[in-house]
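Structure first, commentary second.
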Amino acid sequence: MAATDLERFSSAEPEPRSLSLGGHVGFDSLPDQLVSKSVTQGFSFNILCVGETGIGKSTLMNTLFNTTFETEEASHHEECVRLRPQTYDLQESNVQLKLTIVDAVGFGDQINKDESYRPIVDYIDAQFENYLQEELKIRRSLFDYHDTRIHVCLYFITPTGHSLKSLDLVTMKKLDSKVNIIPIIAKADTISKSELHKFKIKIMGELVSNGVQIYQFPTDDEAVAEINAVMNAHLPFAVVGSTEEVKVGNKLVRARQYPWGVVQVENENHCDFVKLREMLIRVNMEDLREQTHSRHYELYRRCKLEEMGFQDSDGDSQPFSLQETYEAKRKEFLSELQRKEEEMRQMFVNKVKETELELKEKERELHEKFEHLKRLHQEEKRKVEEKRRELEEETNAFNRRKAAVEALQSQALHATSQQPLRKDKDKKKASGWSSIYSVTIP
Ligand code: GTP
Ligand code: MG
């Protein structure tokens, strides 16, 4: 279709006319149909609890939902913050709620807290990414998809009565564009009434001056505008949690009992627990879900798609074309791939050259070593040869001497063996001499 046709179609759209109905048609049941569908489908709600170890996160969750969730006490020795999600199926009347409570385990326990916020941010982003991936699938099933995006972050502030810690400010600042933050002062029974009042003002002042955006209960819906506006002024809620039941009058109430008295969790003069439950669960749960989708997820999605090269329109205000963007991105990707390939090939060639040089150097060294050893060997061989010759000469000389001695000995022996014969002859000749001389031959 030509561009001019498109323009004609879009600009020629007629204004809808208002008509009155002659009688009851029935589409006024649409809201009921919607409610019925939602009830059948069930709801999911995901709460992130961020606060120091032992600040009362699990107790508050148990108190809020009036049940006992699985809790595992965290140690103070975690090397870094880790997120622990636990999902439960809850039912009230005929409404099913898939509730996920995510605990930031080990928060505030590290000596270096610079990166404490990172695992939390990464976890929130990972849930957005999962949802985006599901949305981008060809065969997507968002209807029965278990949405794990965080709908609210309850930020537990330590009741010091002083001011917010830098860790609180940094963490809330990093989270405020990703999640609805409701700050709460935990263990509010440990701080006096006047101190609490000042503490609340101080906290709000610090949040504003540091540009931390916390969740504001919506005031655009008339039905809840008034209560929400009042409650916004009570932030941050100062809460007390307890699963213990204490008898007050003739009623059993959830409270914390002290030697000097009882702090009732649901007594609005004692703490803001009821306000929190009212705002979080009874009035604004749907708004929190809605804000998560329309504000926080939308922001994540937009940034992610822009990062991937998608735009609603280019510089000349041409309408966005998925096909063209895809093609452009593909080309960009291919040329990047080619560049990387070339880079890797070059790196490989360089590496081979380097190794070749190293090997050559090693070969030369080995050769030198071999030559040196060869020279040493020849020298040794020459010395041994000389020694052998000397030895041979000595042996020859010895043999010659030995032969001479043997010759002398044999001569002497011969001479000795001749003597008796001569003696016999001589005896006869000079028999008279033997009585005068005696000869001894050795
Ligand atoms: P980890 O999960 O181990 O980080 O702890 P947590 O933040 O879940 O705290 P948990 O609810 O286990 O409570 C820790 C201790 O604080 C327990 O002894 C609770 O009884 C106590 N506690 C919880 N809430 C309150 C409160 O509102 N006031 C006071 N005074 N103590 C509380
Ligand atoms: Mg806990």
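The values are calculated or read from the model by the stated rules, or taken from the named source; none is laboratory data. For clarity, every value in this text was computed on a predicted model and none was experimentally measured. Virtual Cβ from ideal backbone geometry, glycine too; neighbours counted across all protein chains shown. Only protein heavy atoms, including side chains, enter the accessible area calculation; ligands, DNA and RNA are left aside. Shrake-Rupley method; radii C 1.70, N 1.55, O 1.52, S 1.80 Å.
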Of everything in the range 134-148 that's within 27 Å of Asn62 (Cβ to Cβ) and open to solvent by less than 60 Å² (accessible area, probe 1.4 Å), which residue is modelled with the highest pLDDT? Thr148
Can you go through Tyr155, Tyr123 and tell me which one is touching a strand residue (DSSP E or B) at 6+ places or on another chain (Cβ under 6 Å), assigned to a helix (DSSP H, G or I) and in contact (Cβ under 8 Å) with a residue 12 or more places away in the chain? Tyr123
Which condition from (1) at pLDDT 90 or above; (2) exposed (fewer than 13 other Cβ atoms within 10 Å of the Cβ) is the one that Lys275 breaks? (2)
Positions within the range 33-62 being open to solvent by less than 10 Å² (accessible area, probe 1.4 Å) and assigned to a helix (DSSP H, G or I), in sequence order: Leu60, Met61
Does Phe65 fit the bill of being more than 16 Å from ligand 1 (Cβ to nearest atom), surrounded by 13 or more Cβ atoms within 10 Å (Cβ to Cβ) and modelled with pLDDT of 90 or more? no
Report yes if some residue within the range 370-391 is under 30 Å from Lys178 (Cα atoms), out of contact with any His (no Cβ under 7 Å at 6 or more places or on another chain) and in a helix (DSSP H, G or I); otherwise report no. no
Out of all the residues in the range 196-219, is one or more at pLDDT 90 or above, closer than 29 Å to Glu92 by Cβ and out of contact with any helix residue (DSSP H, G or I) (no Cβ under 8 Å at 6 or more places or on another chain)? no
Looking only at the range 82-133, which residues are modelled with pLDDT under 90, surrounded by 13 or more Cβ atoms within 10 Å (Cβ to Cβ) and on the phi < 0 side of the Ramachandran plot? Asp109, Gln110, Lys113, Ser116
If you go through the range 220-238 one residue at a time, do you hit one that is among the β-branched types (Val, Ile, Thr), outside any strand (DSSP E or B) and open to solvent by 80 Å² or more (accessible area, probe 1.4 Å)? no
Per-region count, the range 40-68, residues over 16 Å from Gln127 (Cβ atoms) and away from ligand 2 (no atom under 13 Å from the Cβ): 8
Condition broken by Pro159, with the remaining ones in (1) open to solvent by less than 40 Å² (accessible area, probe 1.4 Å); (2) under 28 Å from the mean Cα position of the chain (by Cα); (3) over 19 Å from Ile281 (Cβ atoms) satisfied: (2)
Which one is nearest to ligand 1 (Cβ to nearest atom) among residues in the range 37-62 that are without any contact (Cβ under 8 Å) to a residue 12 or more places away in the chain and of a type outside the set (Gly, Ala, Ser)? Thr40
